[in-house]
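Worksheet: one structure, shown below.
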Amino acid sequence: MFNENYWKAIDLVTHNGITVHKKRNSQFALRYLQLANKEDSKSKDRKGVHFVVSRKADLYTDHGVKGYIATSKETLISDAQTLTHWTPNTYRFGEYANNERTHIKGHREDNLQQINTFVVDIDSQQTDVPGIVVAASQYSVGAPTFILKTAKGFQAYFVLDSPAFISNNQNFKGLRVAKVIAANIKHSLSRFLPAVDIGCNDFGFFRMPRPDNLVYFDEEAVFSFANLRDWSSVYSEKHKTRGIYVASPAKSDAQVLATDRKWFDQLIHLTNIRGGRGSYGRNTAVFTLALACYSSGKSLQEATDLLDEFNSNLHAPISFRELERSINSAYSGKYKGAKLEFIEGLLETYDMNHDYKNEMSDPAAFIFQKAGCRTFRKHKKPREQRQFSHIKEWESDMLEYIENHIAPGKTFLFGSQRELAEKMAVPFSSFKKVIQQSNQIVKKTTGRGRQAISYLSTIAIIVRESIRNAIQKKNEAAQNYAAYLASFSDVAERIITIIAGKQANETPNMRLFERLSDKARSQAQLSFELLGSLQRRAIPRDSQVQLIF
């Protein structure tokens, strides 16, 4: 079945970053061309390019990279079988380095238009497809979108649900964040898989999806850039890798954000704020600082992380619930920025060495229309010294506990929820919140009231045990147990179905269309129809691809 999906993989990766059809000499019928032109004209996304080569040796010629520039999905899919490598991430433009138009240039990071996917190169055949899926599910961000077989090993693609656009604003902050995410994904997998290429160029050339190398494909396994950023932040702290938030270069006074102002620096470093009813206190301070973050373009997660640290440093911190309530209020959109009265009241009350009067005369210190990145650098307090932890941190602790305490050959930990929370040293309220929000932890409860027993596991463990029973054992009982385990999670069920090869004779999975908005659906339908026709012409009838176990 996998040779039928390579063109879907290409379509999924490229998003709307390039056109559907060639501008010249298209093989599409006239009516398809008219529809495609109409849809492309409606799209507001800027169209970029991809670079492709026909041989691995062409990447390292004496005159640079030998290849050509692809500007349409039609080109990529129709030529896929004659190509070996491509740049899966989209660049703004491409150029030819010589008059013969045989060598290309422009595939540099400052020319990136959008990041479509993260790719991990595994230069070893001492693993297999199930091993990669389990390692990614259990120790990294989740099962990959698809896996390609290479001459030396595998390449795993983790495709974004929507592209992360790259801008040169804020000194390419988005690119720097993406590079840390890429580094952490590789680092997490290198701890459990052999020969992961840590030094591989994050956004360079990788293997091209083709009918003869696509050995695993789950089109629903796509990733949110924001979720990957949050995961990377927790991973960086836990494993002492580089943090994702980097200070921006200094700006002129006209560009300085609220979070760059002296009053913000003074206020966020105060630790003696208490307050009470009718006075300036801790909630007022959190609300004021959150408004400064909001007006400066900080995300809600960034503000929460920063102000959680501020609150933890207070001699008498407020509860995390109160903290979240104040931050959510500031981010409700009802307020434009921090209020001068609150700033003056807080600093006059709690900062004995305040010196901010000259700055207060500048109204731009409080209300900003322009988003950006602050230069104030907050050194995060070690977690063991903090009073509160984030939900992501508790989730990470629970995942690690479950993985380390499940007996060999077993799939679940069991007991009452309160007992499990105590064993994991997680506050019961945080335990319940993690269970409700986590997409990695699986819980099933039997019985009611005091007799209720909860069974805990992870998606990764369920996938691992399901694969073991579905593939390594051939008896009916093992197969039934594999199906039972997979029923605990839609993700696990889908992965097992793919790996076990049960979809070989099924019709193409069209659930992707159900997730698309009405505006994009017609373009996606058109893309699948047109590119599917190309795919049918391109694949030899006797082409076969086998799963590599």
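Yes or no: the stretch 138-149 includes at least one residue that is open to solvent by 10 Å² or more (accessible area, probe 1.4 Å), closer than 29 Å to ALA492 by Cβ, assigned to a strand (DSSP E or B) and of a type outside the set (S, T, N, Q). Yes, that holds for at least one residue.
The condition of being out of contact with any Leu (no Cβ under 9 Å at 6 or more places or on another chain), surrounded by fewer than 22 Cβ atoms within 10 Å (Cβ to Cβ), at pLDDT below 90 and under 23 Å from LEU399 (Cβ atoms) does not hold for ASP161.
If you go through the stretch 310-323 and keep only what is out of contact with any helix residue (DSSP H, G or I) (no Cβ under 6 Å at 6 or more places or on another chain) and either open to solvent by 60 Å² or more (accessible area, probe 1.4 Å) or hydrophobic (A, V, I, L, M, F, W, C) (or both), you end up with LEU314, HIS315, ALA316, PHE320, ARG321, GLU322.
Being open to solvent by less than 50 Å² (accessible area, probe 1.4 Å), in a helix (DSSP H, G or I) and basic (Lys, Arg) is a property that LYS179 lacks.
Evaluation of GLY204 against the conditions (1) of a type outside the set (A, V, I, L, M, F, W, C); (2) at negative phi; (3) crowded, with 20+ Cβ neighbours inside 10 Å; (4) part of a loop (DSSP other than H, G, I, E, B) shows that the sole unmet condition is (3). Restricting the first member to the stretch 53-82 and to residues that are under 16 Å from ASN98 (Cα atoms) and open to solvent by less than 20 Å² (accessible area, probe 1.4 Å), and the second to residues that are assigned to a helix (DSSP H, G or I) and charged (D, E, K, R), the beta-carbon pairs closer than 7 Å and six or more apart or on different chains are VAL65/ASP58; GLY67/ASP58. Residues in the stretch 58-80: is at least one part of a loop (DSSP other than H, G, I, E, B) and aromatic (Phe, Trp, Tyr)? Scanning the stretch 58-80 turns up no residue that is part of a loop (DSSP other than H, G, I, E, B) and aromatic (Phe, Trp, Tyr). Within the option set ASP123, ASP110, ASP128, being under 14 Å from ARG207 (Cα atoms), surrounded by fewer than 23 Cβ atoms within 10 Å (Cβ to Cβ), charged (D, E, K, R) and touching a residue at least 24 places away in the same chain (Cβ under 8 Å) holds for one residue only, ASP123. Within the stretch 248-268, being in a loop (DSSP other than H, G, I, E, B) and either open to solvent by less than 40 Å² (accessible area, probe 1.4 Å) or modelled with pLDDT of 90 or more (or both) holds for SER248, VAL256, LEU257, ARG261. Criterion applied to ILE318, ILE268 was being of a type in the set (A, V, I, L, M) and touching a residue at least 60 places away in the same chain (Cβ under 8 Å), and the one residue passing it is ILE268.
Examine the stretch 323-336 for a residue that is part of a helix (DSSP H, G or I), on the phi < 0 side of the Ramachandran plot and among the basic types (Lys, Arg), and state whether such a residue exists.
Applying the first criterion (part of a helix (DSSP H, G or I)) to the stretch 323-336 yields 323-330.
Checking which are on the phi < 0 side of the Ramachandran plot leaves us with 323-330.
Okay, now just the ones that are also among the basic types (Lys, Arg), so 325.
Within the stretch 323-336, one or more residues are part of a helix (DSSP H, G or I), on the phi < 0 side of the Ramachandran plot and among the basic types (Lys, Arg).
Considering only the stretch 232-247, how many residues are at pLDDT 75 or above, more than 25 Å from ILE318 (Cβ to Cβ) and aliphatic (A, V, I, L, M)? Count: 0.
Taking the condition surrounded by fewer than 16 Cβ atoms within 10 Å (Cβ to Cβ) and either outside any helix (DSSP H, G or I) or modelled with pLDDT under 85 (or both), does ASN16 pass?
Working: surrounded by fewer than 16 Cβ atoms within 10 Å (Cβ to Cβ): no; either outside any helix (DSSP H, G or I) or modelled with pLDDT under 85 (or both): yes.
No: the conditions fail for ASN16.
The values are calculated or read from the model by the stated rules, or taken from the named source; none is laboratory data. Computed from a predicted structure; not experimentally measured. Cβ sites come from the backbone with ideal geometry, for glycine too, and all protein chains shown count toward neighbours. The accessibility values were calculated without ligands, DNA or RNA, using every heavy atom of the protein model including side chains. Shrake-Rupley method; radii C 1.70, N 1.55, O 1.52, S 1.80 Å.
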